[in-house]
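Structure, as structure tokens:
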Amino acid sequence: MNVESGIQSDYAAYDYDDVQARRRRRIVIGIAVAVLIGVIAATMMFFGGKKPAPAAPAAPGVTVIVPGSASVDATVSATGSLFAKREMPVGVAGEGGMVQSVLVEPGSWVGAGQTLAVIERSVQTEQANSLAASVRVARADAQLAQAELDRAKALVARGFISKADIDRRTATRDAAAARVAVAQAQYGQQRATIGRLIIRSPAAGLVLTRAVEPGQVVGPGNGALFRVAKGGEMELRAQLAEQDIARIRVGNGAEVTPIGSKRAFNGTVWQISPVIDPQTRQGVARVQLAYDPALRPGGFASVVIKSGTTQAPMLPESAVLNDEKSAYVYVVGPDNKVVRRDVKVGDVSDAGVVILSGIQGNEKIVLSAGAFLNPGDKVTPQLSAAPTR
């Protein structure tokens, strides 16, 4: 009994120690878990539960140019119609009649006074012959009156004729001389009438139109039968905006290109309209041109008028944008953000676009990506080696 009691006592002691050990392990594990939870809670409190911010996307790269300022030809472009510089309408100057013959065609060159057409004049010719006979009769009467006066003067000294007879014979001689003058005037008038039945060109030039045929009865009411361009000179009447017409002067050179032709003709501004149309706000510049068969009055043409030289930036067309407000470009600022800059566009040619105002030429201008940008966008500028023109 004593032995068994001792064994039981040892076994009870062993169970007790084992229980105590397990209890201590649980306490240690609990403390470790509590510490871990505390660390996690502290970390979350420290960072405030915020997620890390994503990395900012890189700014897109754009090609920019610095155009500078250069001496460029200042020009004004416009359109207009071709006309004869001095168009002379030629019609019937007298009473008219039936056209007997027409001697020229459109496109013919004529001299000053050259006959263009002849009106039938047989009746007027017979009247002229009658008046010529009247002149001869009047001259014969005047000669007779003069002879009688001379004989009377020879007899007056002998007393056969009184001085009163001399006065009467002198008056008769003077009246006969006056009748000669009247007859000559009537004959000259008839000859002038016949001369007006010949239609002549008032000056040398080019016949533009013909509106008469043989057999046609014409008179002053028919209007112009021919139109003649004096000297064959042509002109372009260019319609210019008010601000453009102020930039040109008489004597400026110009190049005129008829529609449908690739050939340009050199001309000179010879007249500028002194008034502006209040409805269209446009004026007319008249460009003188030498004759050429390709320049046809009534045709449409474009013109580039040279108005001198100016210092201005020039940009490629891809750099200049347009909207309903105005033309504009995008300028890259010091902070690499694009800024819209409204500009005034001048001449546009194959070389580029002349910028009259809005930029100085030392700015960084976006070359070709402007359509994909908005004001305030940040970019990475890449300077172009040379402007593309």
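The values are calculated or read from the model by the stated rules, or taken from the named source; none is laboratory data. In this text the structure is predicted, and so the values were computed from the model without any measurement. Reconstructed Cβ throughout: ideal geometry from the backbone, glycine too, with neighbour counts over all protein chains shown. The accessibility values were calculated without ligands, DNA or RNA, using every heavy atom of the protein model including side chains. Shrake-Rupley method; radii C 1.70, N 1.55, O 1.52, S 1.80 Å.
With distances taken between every two different alpha-carbon atoms, region 276-380 has a Kirkwood hydrodynamic radius of 16.8 Å. Between the C-alpha center of region 204-282 and that of region 96-152 there is a gap of 39 Å. Of all aspartates and glutamates in the structure, those lying under 15 Å Cα to Cα from Lys153, and not within fewer than 8 positions of it along the same chain, are Asp165, Asp167.
The convex hull around the C-alpha trace of region 232-282, projected and averaged over every direction, spans 4.6 square nanometres. Normalised by the number of residues in region 258-389, the mean separation of alpha-carbon contacts (under 8 Å, six or more apart) gives a relative contact order of 21 percent. In terms of its C-alpha gyration tensor, region 172-242 has a prolate overall shape, because the principal axis ratio a/c (a ≥ b ≥ c, square roots of the eigenvalues) is not below 1.5 and a/b outweighs b/c. The residues of region 57-153 have, on average, 51 Å² of accessible surface per residue, using a 1.4 Å probe with all protein chains present.
As an exercise, use a Förster radius of 30 Å and the Cβ-Cβ distance of Glu120 and Val182 to find the FRET efficiency, rounded to the nearest 0.05.
E between Glu120 and Val182, to the nearest 0.05, is 0.60.
If a spin label sat at a point 7 angstrom from the Cα of Asp165 along the line to its beta carbon, the backbone N atoms of region 125-159 nearer than 14 Å would be those of 148-159. Excluding same-chain neighbours fewer than eight residues apart, the aspartates and glutamates reachable from Lys85 by a Cα-Cα span under 17 Å are Glu233, Glu235, Glu255, Asp292.
Summarising the label geometry, the points placed 7 Å from Cα in the beta-carbon direction at Asn322 and Gln143 lie 8.8 nm from one another. The share of accessible area on region 238-304 that comes from carbon and sulfur is 51 percent, using a 1.4 angstrom probe. For the set Lys325/Lys364; Lys262/Lys325; Lys230/Lys344; Lys306/Lys337, the pairs lying more than 31 angstrom apart at their alpha carbons are Lys262/Lys325; Lys230/Lys344; Lys306/Lys337.
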